[in-house]
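Presented below is the structure to which this report refers.
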């Protein structure tokens with residue numbers, strides 16, 4: 001029997017799928033009962049706390065095999081990737097930049113950004129936070145916490161604020177509230193990107209913001 | 001290894017909410033590191049006490065970024081006429097800022113709504129660069145510039161700089 005899952009902060013389809021015993025997030029995302037949500041959230045990696053996901057019944061797979069032999073079964077565990085492009089305020093990518101990252105699971109990894117300034121690290125499904133050291137800075141990362149920019153309850157702006165702050169605009173805390181800092185940060189984006197300057201999160205500005213941020 | 005561990009254990013400079021992606025996807029997050037340099041021109045000895053260093057605080061209006069410079073800082077330059085000082089603030093993020101000066105133990109806002117963008121900083125419609133080129137912003141009497149809307153800034157709660 002299908003169940004309903006209410007999304008919590010930091011969850012994504014892969015995490016929810018794994019929780020209910022699915023190795024592939026598409027089993028949930030592509031399920032017909034989630035077609036409305038799919039329209040609302042075209043990016044399965046960016047969902048909003050409070051979204052309702054229908055979790056289909058997870059059928060037990062049966063495989064008839066002869067007894068008396070040794071059989072090997074391979075289970076694919078879901079994996080995610082942390083992908084961040086680092087750049088300066090002038091848009092210069094931090095290429096071949098060494099970094100160290102420690103996940104909340106205790107796992108540590110060293111690496112170097114690519115020629116495109118991209119950090120690309122596999123993340124276990126049960127890792128929710130990380131501390132990253134790069135360019136003589138220490139950053140705390142909330143993994144999977146990025147919220148959508150639109151179609152959210154009570155006009156929550158936390159996804160917009162998070163992108164503004166990631167892009168170096170001081171939008172204040174990601175509290176979802178449209179205040180003076182969020183308004184001025186949006187206006188700055190509009191000035192710098194040659195958009196109509198009104199300080200409002202209109203569709204054109206949000207599309208530009210997502211393009212600048214990469215998601 | 002110890003040094004790396006120390007760095008990862010340090011107090012974070014910033015916290016970021018990021019998305020995770022599935023294998024093979026090309027989307028990503030972008031994080032901009034650092035900020036721009038902003039030079040604030042102010043009159044010399046704004047606190048009216050020639051025996052005490054002027055303390056100048058550049059503070060984002062959200063209060064999540066601030067930095068204090070003293071007039072005795074070797075990075076602070078004086079104008080040829082010796083009447084103005086130029087306070088260089090580094091790695092300032094984009095946003096709206098106030099400039100406060102400590103006068104008689106109180107922080108007084110002398111510039112409101114300083115807009116810092118990636119290209120330039122502005123006071124109103126005037127780029128700060130032009131203000132620097134023309135001399136200090138017209139601040140004749142800093143005591144008259146106690147924030148007209150908000151009153152004196154209480155740095156015991158707003159400012160993490162210890163003043």
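Bear in mind these aren't lab numbers, they're just calculated from the coordinates by the rules spelled out. None of the values given here were measured: they were computed from a predicted structure. Don't worry about glycine lacking a Cβ; one is built from the backbone with ideal geometry, like all the others, and counts go over all protein chains shown.
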Practice task
Quick one: grab Rg to one decimal and Dmax as a whole number for segment A:3-55, Cα atoms only, in Å.
Solution key: 9.6, 25
Handout entry: Inter-probe distance in nm under a simple model that places probes 7 Å from Cα toward Cβ, at residue A:67 and residue B:91
Key = 6.8 nm
Fill in the blank from the handout: Under the helix-only model (-39500 (n - 2.57) for each DSSP H run of 4 or more, divided by the residues of chain A), the mean residue ellipticity at 222 nm, to 500 deg cm²/dmol, is -6500 deg cm²/dmol
Completion exercise
Within 10 Å of the Cβ of an average residue in B:56-63, the count of other chain Cβ atoms is 3
Fill in the blank from the handout: Expressed in angstrom, Rg and Dmax over the Cα atoms of segment A:80-142 are 11.5, 35
Handout entry: Anisotropy class of the protein assembly as shown from Cα gyration tensor, a/c 1.5 cut
Key = prolate
Exercise for the section: Please find, in a Gaussian network model of chain A (springs between Cα atoms separated by less than 10 Å), the residue of A:195, A:28, A:143 whose mean-square fluctuation is greatest. Expected result: A:195
Exercise for the section: Mind pulling the angle between the C-alpha long axis of helix A:203-213 and the longest principal axis of chain A? Nearest 10 degrees, somewhere in 0 to 90. Expected result: 70 degrees
Practice task
Please label the shape of segment B:66-116 as rounded, prolate or oblate, based on the square roots a ≥ b ≥ c of the eigenvalues of the alpha-carbon gyration tensor (a/c under 1.5 means rounded; beyond that, a/b larger than b/c means prolate, else oblate).
Solution key: oblate
Completion exercise
The residues A:71, B:90, sorted from fewest to most surrounding Cβ atoms within 10 Å, come out as A:71, B:90
Fill in the blank from the handout: Rounded to the angstrom and largest first, Cα extents along the principal axes for chain A equal 71, 41, 24
Handout entry: Mean separation of Cα contacts under 8 Å, 6 or more apart, over the residue count of chain A: relative contact order %
Key = 15 percent
Practice task
Could you work out, residue by residue across A:131-144, how many beta carbons of other chains sit within 10 Å of that residue's beta carbon, and then give the average as an integer?
Solution key: 6
Handout entry: Ranking of A:79, B:71, B:60 by count of other Cβ atoms within 10 Å, fewest first
Key = A:79, B:71, B:60
Fill in the blank from the handout: Fewest-first ordering of A:160, A:16, A:84, A:177 by Cβ atoms within 10 Å yields A:177, A:16, A:84, A:160
Exercise for the section: Springs between alpha-carbon atoms under 10 Å, Gaussian network over chain A: tell me which of A:68, A:111, A:150 tops the mean-square fluctuations. Expected result: A:68
Practice task
Compute the acute angle (0 to 90°) between the alpha-carbon long axis of helix A:180-192 and the principal axis of greatest extent of the alpha-carbon atoms of chain A; round to the nearest 10°.
Solution key: 80 degrees
Fill in the blank from the handout: Output field shielding_mean for A:152-160 (other chain Cβ, 10 Å radius) holds 0
